[in-house]
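One structure is given below, encoded as structure tokens.
The values are calculated or read from the model by the stated rules, or taken from the named source; none is laboratory data. Keep in mind that what you see is a predicted model, and the values were worked out from it rather than measured. Counting neighbours? That spans all protein chains shown, and the Cβs are built from the backbone with ideal geometry, glycine included.
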Amino acid sequence: MELIIMKDVEGEGEEAGLGKKAKKARTADRLTMPFVGTYSNVPKGALACLVNSHGHVEIAVNGGDASEKLGTVPGMAATLKF
């Protein structure tokens, strides 16, 4: 399973890696992770994708905080590819 997270990058031109005139761009972080039945199917601290007890697809970290590990906040665009 692949997770693609879209992030806005702001800055002044080349020092932000955006080119000479650009001030804002979108970048994508691409991560792969297993689709598992339970959190314990991956080592502590590892990312996983699973269906939670409410029937929703969840990106999780075994024993951790996925949003902290991924640097995400509510409302960020993300795509899951199976």
Residue list for segment 27-71, filter: more than 12 Å from L3 (Cα to Cα), polar (S, T, N, Q) and within 11 Å of the chain's Cα centre (by Cα): S67
Subset tally (residues that are at pLDDT below 85 and either outside any loop (DSSP other than H, G, I, E, B) or touching a strand residue (DSSP E or B) at 6+ places or on another chain (Cβ under 7 Å) (or both)) for segment 66-77: 2
Pairs where the first residue, in segment 56-75, is surrounded by 10 or more Cβ atoms within 10 Å (Cβ to Cβ) and the second is assigned to a loop (DSSP other than H, G, I, E, B) and of a type in the set (D, E, K, R), C-beta under 6 Å, 6+ apart: N62/K44; G63/K44
Every residue from segment 9-51 that is closer than 16 Å to T79 by Cβ, of a type outside the set (A, V, I, L, M) and at pLDDT below 80: R26, T27, D29
